[in-house]
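Have a look at the structure below before the remarks.
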Amino acid sequence: MANEKQIDSPHRDYRRIEQALHYLASNYQSQPDLAEIASSVNLSEAHFQRLFKRWAGVSPKQFLQYLTLDHARQCLKSNMTVLDAALDSGLAAPARLNELFVRIESITPLEFKRDGEGINIEYGFHVTAFGCCLMGVSERGLTGVAFYEESAKEAALSEMISRLPKAIYSHNQAATEAYCEMIFGTSGGVESHTLSVLVRGTSFQIKVWEALLRVSNGTRISYRQLAESIDQPKASRAVGSAVGKNPVAVLIPCHRVIREDGLLGGYHWGVERKLALLGVESLQRHGITVAAQT
């Protein structure tokens, strides 16, 4: 408990919250109390309560109550269509996505063949309420949004570069800062913007990513439902693969895809972060403004 007297950095805050979310993801069915959750991250109840409320704007108990796993099960078990499930929710996303319109643009066949040669991409590293985030942007829009652990900063950049290995990359923090503000509201948000996303993918992958844009904020759908939404009802496995290769976190909301049984399933940037995103959306669905601090 001695570490409680140290000044909390945003990164340390999120790491503790992430550990707590991991505990909740593994034990939510037993409805752990404050003491159990606080103990899982080696903090006193009082300190953990303050830390969590500063991050989420609500208590850990409220956050647990608003997690949407039960809602997801009800939607899936009642055989709701994707459209009906979307209409059932409709809330402000963690990044104020209700104010944003996202348009996916694929690189040209020639750019695809040349591995992005001729495309200039500027990138920057940022700290958000959901952890460290790498962003890449070109003249034609965002090329990548990826969460990473501090120890894997270079690995995150290498993964981004591998998608368009012959593009020209340069570090420009200022170029990506405005996008970070638009997506995560780090400076109060930016009013209504249209964001373009430039991606490299197969026709099938892009179709899946475009379908994800049609999944309303707060909605949870299964891989099967997503496959049905693109008229490929037997392609759940291929859809899952495309979801896992999504290069733009949050904006292309792959975190909203869950397993058929209502459980979370995997997430390229960590199940705990997926739970954090879903939990924040769930809180906002109930009209609660989340005050996650960066």
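Could you please rank Val58, Val271, placing first whichever residue has the fewest other Cβ atoms within 10 Å of its Cβ?
Val271, Val58
Within a 10 angstrom radius of the beta carbon, how do Cys132, Cys180 rank from fewest other beta carbons to most?
With the sparsest Cβ surroundings first, the list reads Cys132, Cys180.
Rank the residues Lys274, Lys113 as a footprinting-exposure proxy: fewest other Cβ atoms within 10 Å of their Cβ go first.
Lys113, Lys274
Given the pairs Lys61/Lys153; Lys53/Lys245; Lys207/Lys274; Lys113/Lys245; Lys153/Lys245, which are separated by over 28 angstrom at their Cα positions?
From Lys61/Lys153; Lys53/Lys245; Lys207/Lys274; Lys113/Lys245; Lys153/Lys245, over 28 Å: Lys61/Lys153; Lys53/Lys245.
Coordinate-derived values only; no laboratory data. This is a predicted model, so every value here is computed, not measured. All Cβ positions, glycine included, derive from the backbone under ideal geometry; neighbour counts span all protein chains shown.
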